[in-house]
Amino acid sequence: AQKITQTQPGMFVQEKEAVTLDCTYDTSDQSYGLFWYKQPSSGEMIFLIYQGSYDEQNATEGRYSLNFQKARKSANLVISASQLGDSAMYFCAMREGMWGGFKTIFGAGTRLFVKA
Amino acid sequence: NAGVTQTPKFRVLKTGQSMTLLCAQDMNHEYMYWYRQDPGMGLRLIHYSVGEGTTAKGEVPDGYNVSRLKKQNFLLGLESAAPSQTSVYFCASSNLGNQPQHFGDGTRLSIL
């Protein structure tokens, strides 16, 4: 069954340091996509980064990178040079059937606190 | 530049009442989704649609019905509201492949 696990309910990081948010997934599909979203206290969902199951290189978007380890079924988000504005909830999500756009499920989330 | 619009933004219902949440997208997306978000549980998929006239069950479909009569609209219905359905409801839409979901601003629903 399709499943996303985020084992860190909360994380603290010092401003300007890097932080890794963990995400593991379970799927029997060979074709799938992994996403990370940010949800600030205002409530909106903001897309951060995407990794396809067939992508050989780890995805990067500015200060965000995705550490994709397919054999271990993990897709950790790395935020470099943390900023106070990075304090938010972070959700990992998986879509099975990459080109079919089928159902997408989310993990429970990790709340990140950035300290000044 | 509307994107995904959810109506209403807030609603209070009494147990047993019915209501419909409306989601509209103007991006010509094929896929639309309804999620609920409860504290500590992230977003859980209620129902989704892969095209006009089609719907499918997600992780927590019980107590909800949906319809996608037009490509741009996805309706979520509660036939007989229960306090356990108190939640924040998010609608999202997306297109094929590696495109992310676009989310509405959410509907905060309280059932007394």
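The values are calculated or read from the model by the stated rules, or taken from the named source; none is laboratory data. Keep in mind that what you see is a predicted model, and the values were worked out from it rather than measured. When we count neighbours, we look across all protein chains shown, and the Cβ atoms used for this are built from the backbone with ideal geometry, even at glycine.
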Contacts under 7 angstrom Cβ, first residue in the range A:36-57 being more than 9 Å from chain B (Cβ to nearest Cβ), partner among the polar types (S, T, N, Q), 6 or more apart
A:Ser53/A:Gln30; A:Ser53/A:Ser31
Out of B:Gly40, B:Gly58, B:Gly53, sole residue that is at pLDDT below 95 and under 14 Å from the mean Cα position of the chain (by Cα):
B:Gly58
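Give the residues of the range B:53-72 that are of a type in the set (D, E, K, R) and surrounded by 14 or more Cβ atoms within 10 Å (Cβ to Cβ), sorted by residue number. Walk me through how you get there before you give the answer.
Taking the range B:53-72 first, the residues of a type in the set (D, E, K, R) are B:57, B:59, B:62, B:68, B:70-71.
Hits for the range B:53-72 are B:Lys57, B:Glu59, B:Arg68, B:Lys71.
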For the range B:73-95, which positions are exposed (fewer than 14 other Cβ atoms within 10 Å of the Cβ) and in a loop (DSSP other than H, G, I, E, B)?
B:Glu79, B:Ser80, B:Ala82
Being away from chain A (no Cβ under 11 Å) and assigned to a strand (DSSP E or B) narrows B:Leu69, B:Leu22, B:Leu45 down to just B:Leu22
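Which of the residues that make up the range B:25-42 are part of a strand (DSSP E or B) and within 23 Å of B:Pro83 (Cα to Cα)?
Taking the range B:25-42 first, the residues part of a strand (DSSP E or B) are B:25, B:31-37.
Listed by number, the residues that qualify are B:Tyr33, B:Trp34, B:Tyr35, B:Arg36, B:Gln37.
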Take residues that are hydrophobic (A, V, I, L, M, F, W, C) and tell me which of the strands (runs of 3 or more DSSP E) falling wholly in the range A:5-116 contain 3 or more.
A:10-14, A:32-39, A:46-52, A:74-79, A:88-96, A:110-115
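Can you tell me how many residues in the range A:80-94 are touching an Asp or Glu at 6+ places or on another chain (Cβ under 7 Å) and either buried (at least 24 other Cβ atoms within 10 Å of the Cβ) or not aliphatic (A, V, I, L, M) (or both)?
As a first pass, look at the range A:80-94 and keep what is touching an Asp or Glu at 6+ places or on another chain (Cβ under 7 Å): A:82-84.
With the extra rule that they be either buried (at least 24 other Cβ atoms within 10 Å of the Cβ) or not aliphatic (A, V, I, L, M) (or both), the set shrinks to A:82-83.
Adding up the residues that qualify gives 2.
Can you pull out the residues in the range B:53-65 that are within 14 Å of chain A (Cβ to nearest Cβ) and not polar (S, T, N, Q)? Break it down into steps so the answer makes sense when it comes.
We begin by selecting, within the range B:53-65, every residue within 14 Å of chain A (Cβ to nearest Cβ); these are B:54-61.
Matches in the range B:53-65: B:Ala56, B:Lys57, B:Gly58, B:Glu59, B:Val60, B:Pro61.
Given the residues A:Ile79, A:Ile105, which is the only one that is farther than 18 Å from B:Arg36 by Cα and hydrophobic (A, V, I, L, M, F, W, C)? I'd like the intermediate steps shown before the answer.
Numbers: A:Ile105 fails: farther than 18 Å from B:Arg36 by Cα.
Being farther than 18 Å from B:Arg36 by Cα and hydrophobic (A, V, I, L, M, F, W, C) holds for just one of A:Ile79, A:Ile105, which is A:Ile79.
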